[in-house]
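Visitor: Here it is, the structure, as structure tokens.
Read-outs: derived from the displayed coordinates by stated rules, not from any lab. This is a predicted model, so every value here is computed, not measured. Heads up, the Cβs are rebuilt from the backbone with ideal geometry, glycines too, and the neighbour counts pull from every protein chain shown.
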Amino acid sequence: MTERLADVRARIDGVRQLGSVVNAIRGIAAARAQTARSQLVAVDAYAQTIAAAIGRAMRLGGPSRQDGRRRGGRIGLALFCAEQGFAGSFSERAMDAVGADLPTCELFLIGSRGLDPATQRNIRSHWSSAMPSHALGAPKLADQITEAVYRRIAVEAIVRFDVAFTLWSPGKGFRVERRRLFPLDPTSFAHLDGGDAPLVNLPPDALLASLAADYLHAQLCQAALHSFAAENQARMEAMASAGKQVEKQLAKTRATERRVRQEGITDEIIELAAGETASRTGRRSTTRRQPG
């Protein structure tokens with residue numbers, strides 16, 4: 001018998017424990033993704049309300065329509081990557097989608113798992129932050145990004161700011177979306193004006209500046225929640241694939257257990273048969289030596 005039955009059973013216990021861990025990770029990821037998607041409903045409604053307000057405010061005219069014609073600055077880019085492991089090539093896929101802009105932009109990197117791929121590509125981030133461990137941390141993260149971005153805008157280090165993040169939808173899978181957040185693009189809000197220009201008590205510049213800040217925050221919340229949900233979806237899929245491998249390994253190890261147990265039974269039968277044969281041979285020899 002080439003393997004001990006106790007060793008095989010120990011391997012089976014180990015594979016079962018691994019399967020329990022995989023299922024637990026998958027369950028946690030599913031719960032987090034569902035929570036993020038439920039919160040996206042409110043954030044989407046808020047962002048749409050702000051966008052509609054900007055569309056109406058732009059009808060006031062004036063120089064407040066930021067056209068991004070300043071020169072000398074760079075493009076700022078907030079790139080959302082993975083925060084935890086077991087998410088496959090989540091971060092690499094996001095970086096691939098941005099492509100050639102990464103080396104030339106001022107990078108705001110969100111997600112600890114994006115640091116290593118960025119280093120491997122010789123890309124430095126101007127500012128970085130971890131993703132929150134739960135979806136409720138998205139607004140606070142958006143606050144931090146907004147503060148960092150406005151500091152760079154204030155000194156004209158960046159003249160434009162984009163965000164790139166991964167989102168997932170049933171039937172379509174994963175895709176990386178890039179949005180321009182600053183300066184505001186009037187063409188993006190023209191269809192949201194909702195009619196006549198509103199009656200306001202603020203100068204148009206001050207009104208649009210305030211709405212732009214709210215819009216930036218809302219869009220960053222959206223990006224964070226979409227990325228959070230997509231990362232956990234990727235983790236669910238990775239764990240589903242790992243679960244199938246665990247099942248295959250468990251089936252294979254159980255087959256080995258049956259084989260080893262059968263070999264053990266066969267060896268015992270052979271030993272019993274050999275003992276019985278030896279006993280009969282001994283009795284016949286004794287009988288022949290007795291006098292007639």
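Visitor: Would you mind ranking E83, E247 by Cβ crowding within 10 Å, fewest neighbours first?
Guide: The most exposed by this proxy come first: E247, E83.
Visitor: Please check: in the Gaussian network model of the chain (C-alpha springs, under 10 Å), which one of A234, A157, A78 has the largest mean-square fluctuation.
Guide: A157
Visitor: Quick one: R152, R259, R235, fewest Cβ neighbours within 10 Å first, how do they rank?
Guide: Ranked by crowding around the Cβ, least crowded first: R259, R152, R235.
Visitor: Okay, moving on. Using the Karplus equation 6.51 cos²θ - 1.76 cosθ + 1.60 (θ = phi - 60°), what ³J(HN,Hα) coupling, rounded to whole Hz, does each residue of the stretch 207-220 give in order, writing x for Gly and Pro?
Guide: Once rounded to whole Hz, the list reads 5, 5, 5, 5, 5, 5, 5, 5, 5, 4, 5, 5, 5, 5.
Visitor: For each of E263, E106, count neighbouring Cβ atoms within 10 Å of the residue's Cβ, then give the residues from fewest to most.
Guide: Placing the least packed residue first, the sequence is E263, E106.
Visitor: Tell me, what ³J(HN,Hα) does each residue in the stretch 12-17 have, in order and in whole Hz, if you take phi through Karplus 6.51 cos²θ - 1.76 cosθ + 1.60 with θ = phi - 60° and put x for Gly and Pro?
Guide: 4, 4, x, 5, 5, 5
Visitor: With the Cα gyration tensor of the stretch 15-156 giving a ≥ b ≥ c as the square roots of its eigenvalues, does the rule (a/c under 1.5 for rounded; else a/b larger than b/c for prolate; else oblate) give rounded, prolate or oblate?
Guide: Oblate, because a/c is 1.5 or more while a/b does not exceed b/c.
Visitor: Okay, moving on. Please list the non-local residues whose amide H lies under 5 Å from the amide H of A78, H modeled 1.01 Å from N, same-chain partners needing a gap of 5 or more.
Guide: Counting only residues 5 or more places away or on other chains, the set is F108, D162, V163, A164.
Visitor: Which of rounded, prolate or oblate describes the stretch 96-219 when judged by the alpha-carbon gyration tensor and an a/c cut-off of 1.5?
Guide: Judged from the Cα gyration tensor, the stretch 96-219 comes out prolate (a/c at least 1.5, a/b above b/c).
Visitor: For S128, which sequence-distant residues (separation of 5 or more, or a different chain) have an amide H within less than 5 Å of its own amide H, given hydrogens modelled in the peptide plane?
Guide: The list, which skips near neighbours in sequence, is L109.
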